[in-house]
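The values are calculated or read from the model by the stated rules, or taken from the named source; none is laboratory data. Not measured: the values here are computed from a predicted model. So basically every Cβ, Gly included, is an ideal-geometry build from the backbone, and we count neighbours across all protein chains shown. Just the protein is used for accessible areas: all its heavy atoms, side chains included, with ligands, DNA and RNA removed. Shrake-Rupley method; radii C 1.70, N 1.55, O 1.52, S 1.80 Å.
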Amino acid sequence: MTVVVACGGNTAQDSPQHQSHAGAVAKKGGVPDVILESAAVMGTPDRPIAGPQGGVGQFVVECELSHVAADDPILYPDQPGASHLHAFFGNTSTSAGSTLEELVSSPTSCDDPQDTAAYWVPVLIDDGQVIAPTSSVAYYRAGLGIEATTVQAYPPGLVMIAGDPMASEPQPLSVVAWSCGNGSQRSALPPECPRRVWLRLDVTFPDCWDGVNLDSPGHRSHLRYSNQGQCLSSHPVPIPQLVFSVAYPVFGDVSHLRLASGSLLTGHADFVNSWHQEKLVNEVEVCLQREKVCGISSGRFTS
């Protein structure tokens, strides 16, 4: 069972040309870089992320769907309609031509009015109809084993992409995973959820930064995942680990589903840090560095 909303736009898969654009939010220019590094090089943990559970300090923001558009300010800057369809959360002004200044001064669909960051994922489609997500939750915490006092807030304008929009094989569950509601069972493909327990997509972003660049050619090499509580010497700055979860009003048969980016294996998410920076710094210092739980999800992954 699904709830759908009709939306227009390009639902084609990303092309290599799509991947070659550098983001307008941080800088423009760059060269194609569409090959994801191996899990070993990226330092991807080999264990599933547990979501909001656990003793690590965190802060949580819940965001409603803002809009759906075939835009991508990171991969297709200043080219409206050039992307596959995305569902946008948080900043209500996010578009192909977004700038950091515009984002910071715009409203948000999040429950924290100072979280004006931009979050987006490819839309989920059922037999040609876009499925409207019911909500999203952004979980911020220190990466597994990272010393909490060393975590620093994202710099303004930091660009992040997690997951592979061109994946043809299952991605690590520590990066992209599907589940039913708040259940602990995670899988590479959507499971058949019981009635009234919504389907959920979790995407986990890198938590180590090179300390210099807000973006990079290919939009990935300025960030890495930590490994066994350590950041690589080339990416020495621990930053909050963002787990972005999206709930869909779907249960039962999933055989007709696909993502706008391609198959259900192509889960990914994008983020631009346009938080009110003083608020973000405060959340990191008070919640993460002091290992305090500053918020919990309302549990809207069930109807």
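Summary table
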quantity	calculated
Unique residue being in contact with a Cys (Cβ under 6 Å, 6 or more places away or on another chain) and either open to solvent by 20 Å² or more (accessible area, probe 1.4 Å) or of a type in the set (S, T, N, Q) (or both) when the list is Ser109, Ser105, Ser98, Ser93	Ser109
Residues of the range 114-156 that turn out to be open to solvent by less than 10 Å² (accessible area, probe 1.4 Å) and in contact with a strand residue (DSSP E or B) (Cβ under 7 Å, 6 or more places away or on another chain), as a count	22
Per-region count, the range 158-198, residues among the hydrophobic types (A, V, I, L, M, F, W, C) and closer than 16 Å to Thr266 by Cα	11
From the options Ser168, Ser184, Ser174, residue that is touching a residue at least 12 places away in the same chain (Cβ under 8 Å), assigned to a loop (DSSP other than H, G, I, E, B), within 18 Å of Ile239 (Cα to Cα) and not hydrophobic (A, V, I, L, M, F, W, C)	Ser174
Among (1) outside any strand (DSSP E or B); (2) in contact with a Phe, Trp or Tyr (Cβ under 6 Å, 6 or more places away or on another chain); (3) among the aliphatic types (A, V, I, L, M), the one test that Val60 misses	(1)
Long-range neighbours under 9 Å by Cβ, at least six apart or interchain, first residue assigned to a loop (DSSP other than H, G, I, E, B) and among the β-branched types (Val, Ile, Thr) within the range 211-223, second modelled with pLDDT of 95 or more and surrounded by 20 or more Cβ atoms within 10 Å (Cβ to Cβ)	Val212/His222
Ser93 vs. criteria more than 17 Å from the chain's Cα centre (by Cα), farther than 19 Å from Asp215 by Cα and in contact (Cβ under 8 Å) with a residue 12 or more places away in the chain	yes
Top-ranked residue of the range 63-84 - restricted to ones that are assigned to a loop (DSSP other than H, G, I, E, B) and among the hydrophobic types (A, V, I, L, M, F, W, C), ranked as most open to solvent (accessible area, probe 1.4 Å)	Ala82
The range 192-210, subset under 20 Å from Leu158 (Cα atoms) and not in a loop (DSSP other than H, G, I, E, B), residue most open to solvent (accessible area, probe 1.4 Å)	Trp209
Hits in the range 270-289 - residues which are outside any strand (DSSP E or B) and open to solvent by less than 10 Å² (accessible area, probe 1.4 Å)	Asn273, Ser274, Trp275, Leu280, Val284, Cys287, Leu288
Any hit, the range 189-196, residues being under 29 Å from His276 (Cβ atoms), touching a residue at least 12 places away in the same chain (Cβ under 8 Å) and of a type in the set (Lys, Arg)	no
Pair list, Cβ < 7 Å and 6+ apart or interchain, from the range 68-82 residues that are free of Cβ contacts under 8 Å to residues at least 60 places away in the same chain to residues that are polar (S, T, N, Q)	Asp71/Ser83; Asp71/Ser95; Tyr76/Ser83; Pro80/Ser95
Selected residue (criterion: farthest from Pro249 (Cα to Cα)) from residues of the range 157-185 that are crowded, with 17+ Cβ neighbours inside 10 Å and more than 17 Å from the chain's Cα centre (by Cα)	Asn182
